[in-house]
Amino acid sequence: MTPMQSIIVHMDASLRCAVRLEIARQLARQHGANMLCALFAVEPRMVPPTVPPIPEAPVPLMPEVDPEQRARARAVFDSAIARGEPLMTWDEVPGDPPAWGFAQASLYADLMVLGQKNPGDRFTIDVPKDFVEDVLLHTGKPALIIPHSGKFGSVGASVLIAWKPTRECARAVACAVPLMQRAKKVQVVCWGKDSFAPAETTFGVARYLNWHGIVAEVSRYAEEPDDIGELLLSRAADESADMLVMGCYSHSRLREIVLGGATRVVLKSMTCPVLMAH
């Protein structure tokens, strides 16, 4: 498995941006990453031009990033830089929409570190509501999503994998291998029937992990319940997991939005960092 060499972290003016950046720095140090990029990405506001318009002519509005938002994010970055290693670079997403620009930049990274949207944080007003979902759907890269509340001394020491024989889940597990190789405890949970030999696919994931030096305990349950998202979060809390690994939008996104879906439930109510891939 290729080691994690490049990490890109989303920077904004949110109250949790410093936590997100510090977790990315910890991962970079642990894995000897050669590049840690702090990428500022927010939605520009439409403001009047600084040059007075022609009298009686319509005033054109120009897209411009709020300087206060940029300054807050940059201050977090500068504070981290002052603490020393690892080396980091600052960059800004050009143009609009920010999710598309961030996804394009992530094509050259091994891992994205993103933040859960916090409706109560006024400094996230310029971050699109579905920024995380849009980034995940526009890039094949994995994302470690950090909750908007809670303290996390470590990420990846105790891991819970929500396994399903789908492309998205297989990608998430494969991308999480470098993190799980340092884990003290890895558990796999699976619900419902498999279309291909239930025992083989369930324990097949344990065998796959074992090939990478990861010993996992597998638990398989009957029919998948409707509240699978809530069950995953409850199980993660019961096991004191500091990382949940799962696929993102294994159904069509529209269907998950309408029906709720495990992805949206977890993104809305997560209590521990979640590694997702689409």
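Here the condition is being of a type in the set (Lys, Arg) and in the same structural domain as SER269 (by TED's automatic domain parsing); of LYS129, LYS164, LYS117, it holds for LYS164 alone. With respect to being in contact with a Phe, Trp or Tyr (Cβ under 9 Å, 6 or more places away or on another chain) and part of a loop (DSSP other than H, G, I, E, B), LYS117 fits the description. It is to be established whether one or more residues within the stretch 132-139 are assigned to a loop (DSSP other than H, G, I, E, B), crowded, with 22+ Cβ neighbours inside 10 Å and in contact (Cβ under 8 Å) with a residue 40 or more places away in the chain. Checked against the condition, which is being assigned to a loop (DSSP other than H, G, I, E, B), crowded, with 22+ Cβ neighbours inside 10 Å and in contact (Cβ under 8 Å) with a residue 40 or more places away in the chain, the stretch 132-139 yields no hits at all.
Taking the conditions exactly as written (in contact with an Asp or Glu (Cβ under 8 Å, 6 or more places away or on another chain) and either at pLDDT below 95 or of a type in the set (Lys, Arg) (or both)), does ARG20 satisfy them or not? Taking the combined requirement at face value, the residue does not satisfy it.
Among the conditions (1) surrounded by 19 or more Cβ atoms within 10 Å (Cβ to Cβ); (2) farther than 30 Å from LEU179 by Cα; (3) at pLDDT below 90, MET4 misses just one, which is (2).
Every condition in (1) among the small types (Gly, Ala, Ser); (2) at pLDDT below 85; (3) touching a strand residue (DSSP E or B) at 6+ places or on another chain (Cβ under 9 Å) holds for GLY115 except the one numbered (2).
The values are calculated or read from the model by the stated rules, or taken from the named source; none is laboratory data. Predicted model, so just to flag it, every value in this text is computed and none were measured. Positions of Cβ are backbone-derived with ideal geometry, glycine not excepted, and every protein chain shown enters the neighbour counts.
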